[in-house]
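Peer 1: Just dropping this structure here.
No value in this document is a laboratory result; all are computed from the given coordinates. Predicted model only: the values in this text are computed from it and were never measured. Note: ideal-geometry Cβ built from the backbone for every residue, glycine included; neighbour counts use all protein chains shown.
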Amino acid sequence: METGARTVGLDLDGVSPGFRELYEAANLIVAKGMGHFETMSHLADPRVWFSPPGQMHPVAQALGVDLNAFVFGRPLGGSLDRRGKTEP
């Protein structure tokens, strides 16, 4: 489903009511891609799991995986800021 927003990643403040309803009701949310990792990695939502490109050093560092690894996981106590820098 489309989010209804014209942005890369996910900005929950800009989504359509229909998308928000599905998001709130979901048991599992798989966020694929760098844009979703950058915009959602700060969320303290245990339903959200990421599959971003592991060839990006900040992503590998935030998820605690080797560079170029296939990634499916959650940040290990960190997230990425809007500039792609790892924050605690």
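Peer 1: Return the FRET efficiency for the residue pair Asp45, Asp66: r is the Cβ-Cβ distance, R0 is 35 Å, and the value is rounded to the nearest 0.05.
Peer 2: Taking R0 as 35 Å, the efficiency between Asp45 and Asp66 is 0.85.
Peer 1: Would you work out which of Phe50, Gly35, Val8 lies farthest towards the positive end of the dipole of region 7-59, given +1 charges on the beta-carbon of Lys and Arg and -1 on that of Asp and Glu, about the Cα centre?
Peer 2: Phe50
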